[in-house]
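The structure appears right after this line, and notes come after that.
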């Protein structure tokens, strides 16, 4: 173990902004010279990214509670208190949940025989976030969908979608997460909220190198869908989806890096996730 003075030296040398850069790795090496401890050696500099800096961290995850609205209209999470600090000296609760509740992942296995949540390569959970903003369409039409034209318009402004991109739909629907409008069911029980059009996901799967999709609504498909066409088109390509994402409106259309903390439970079809963006 490093002596206290050595630990303090390391902490003062490495800043938050350069810790993940090669400069941060070099700072660790320099700061530990003369330390009596044996520290884990960093990877060779040539294998590290040249830089990774950010100014903001944005949480793209809704807080999940028992009353979180669901696609099925029924609660999918129950929480039971098992132990309390007062009675037992510690707090502990038991969760009973269905995988697809809150901000959650749809693993390929959800609609195919592809990867389960734990099998998705971790490198596929990090990527350049590209946001298709359809708020203007969705404001006047709750059944709005992301179309190939929306994606081509994004590319006309920001360039072709980069390899390994993660594409998100920004409809503004996360503003209704605590309201019945989030489901927006009519008198016949048909829901009305935005989603991806199957032609858009086909374009992304066949003509672009995209790792995953994200939506700020209850489903990758728009609410009126009766056949889950987008789910059946996208997930069998062994790519994932993320539903009920929050705060996409706080991010630029291009330039953020998204990190998906997907569930790693063996055989899972998906599950509640923590999603953050670095800007």
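Every number in this text was worked out from the coordinates using simple rules, so none of it is lab data. On a predicted model such as this, the values are computed, not experimentally measured, just so you know. Counting neighbours? That spans all protein chains shown, and the Cβs are built from the backbone with ideal geometry, glycine included.
Where the convex hull is taken over the Cα atoms of the stretch 116-220, what is its projected area averaged over directions, in nm²? Write out the running numbers ahead of the final one.
On the way: hull surface 31.5 nm².
Its average projected convex-hull area is 7.9 nm².
In units of 2.2 N^0.38 Å, what is the alpha-carbon radius of gyration of the stretch 171-279?
Taking N as the residue count of the stretch 171-279, the ratio is 1.11.
Compute the separation of the alpha-carbon centres of the stretch 190-206 and the stretch 213-242 and state it in Å as a whole number.
Cα centroid to Cα centroid, the span is 7 Å.
Taking 51 Å as R0, compute the FRET efficiency from the Cβ-Cβ separation of residue 228 and residue 81 and round it to 0.05.
0.90
So if I take the centroid of the Cα atoms in the stretch 92-137 and the same for the stretch 157-186, what is the distance between those two points in Å?
Going from one Cα centre to the other spans 14 Å.
Defining a contact as two alpha carbons under 8 Å apart and six or more residues distant in sequence, what relative contact order in percent does the stretch 74-207 show?
20 percent
Short version: what are the Cα gyration tensor semi-axes of the stretch 59-278, square root of 5 times each eigenvalue, largest first, in whole Å?
Numbers: eigenvalues 162, 83, 56 Å².
Result for the stretch 59-278: semi-axes of 28, 20, 17 Å.
Order these peptides, 212-223, 58-69, by their mean beta-carbon neighbour count within 10 angstrom, highest first. Could the numbers behind the result be given before it?
Numbers: 212-223: 26.4, 58-69: 17.2.
Put in order of decreasing packing, that is 212-223, 58-69.
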